[in-house]
1. Counting only protein chains, not ligands or nucleic acids, how are TRP73, TRP154 ordered by accessible area (probe 1.4 Å), most first?
2. Between ALA163 and GLU141, what length in nm is gained on full extension when 0.36 nm per residue of separation is reduced by their alpha carbon distance?
3. If R₀ is 35 angstrom, what is the calculated FRET efficiency for the pair ALA47 and ARG94, using the beta carbon separation as r and rounding to 0.05?
4. Considering the chain as a Gaussian network with a 10 Å cut-off on Cα pairs, which listed residue, VAL135, VAL126, VAL50, attains the greatest mean-square fluctuation?
5. Which GluC sites (Glu not before Pro) in the stretch 36-144 sit in a loop by DSSP (not H, G, I, E or B) and have at most 15 other Cβ atoms within 10 Å of their own Cβ?
6. Students often get this wrong, so try it: which of (1) 53, 32, 26; (2) 73, 44, 24; (3) 55, 34, 32 is Cα extents along the principal axes in Å as calculated from the structure shown?
7. I need the shape label for the stretch 16-75. Rule: rounded when a/c is under 1.5, else prolate if a/b > b/c, else oblate, with a, b, c from the alpha carbon gyration tensor.
8. Tell me the trypsin sites (Lys or Arg not before Pro) within the stretch 9-90 that lie in a loop according to DSSP and have at most 14 other beta-carbon atoms within 10 Å.
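The values are calculated or read from the model by the stated rules, or taken from the named source; none is laboratory data. What you are looking at is a predicted structure, and each value in this text was computed from that prediction instead of being measured. Quick reminder, even Gly has a Cβ in these numbers, built from the backbone with ideal geometry, and neighbours come from all protein chains shown. Remember, those area values only see protein heavy atoms, side chains included, never the ligands or the DNA or RNA. Shrake-Rupley method; radii C 1.70, N 1.55, O 1.52, S 1.80 Å.
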Amino acid sequence: MSHYKGRLAEILLETYQNASARLYYDGPPPRPGQYLQVLSAKDQEQAVPVSVFPAGTQNETGVQISGNLPEGWEPGEELEVRGPLGKGFELPKRAKRVLLAPQGNNQLGRLLPLISIALAQGAEVVFCSEAAPTVLPLSVEVRGLAELAELIEWADYLAIDIAIEELDELTLGGRGRPPKALVAEALV
């Protein structure tokens, strides 16, 4: 597991693309679906690291992250960063109809990094959720969760983000059967 020194470059009060902060560290950027674990370098009582997910791409000013940061963390906070961790999503090169389906409002930002990858390979993208992120490219269509079953029949790639407690209640069935070419991945 890789360890890096990092810092909070800024905390976002207005959740741009559902990111909560911008984190800067020298390690490799997390792929969509991967996460980082962060610990405050000054807080000796923080026993459990905070898991944060990318909510955008990494550049010279850091990576936008989504996660519940502890109270008291401020811009400039020095952090111990572990990761990237997790397998992450693998968007197939052949995917031309991409369906992103976060199942809760607190998970909206964790699928966003897939959008730029899908659009770069010429795919159509539908974001299927009860609430939409505040900023999406105009080429991304937003639909409600009530249409999920119908959209699964359309898609050739599905990425879903769901809490483990909701996994048993998830139903993806629709009027017909999903195409055999559907590739699906979940962030649980």
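1. Correct descending sequence by accessible area is TRP154, TRP73.
2. Values: separation 22, 0.36 × 22 = 7.92 nm, distance 2.37 nm.
Net length gain for the segment: 5.5 nm.
3. 0.20
4. VAL135
5. GLU45, GLU60, GLU71, GLU90, GLU130
6. Looking at Cα extents along the principal axes in Å for this model, the match is (3).
7. Details: a/c = 1.71, a/b = 1.61, b/c = 1.06.
Taking the square roots of the gyration eigenvalues as a ≥ b ≥ c, the stretch 16-75 is prolate.
8. LYS42, LYS87
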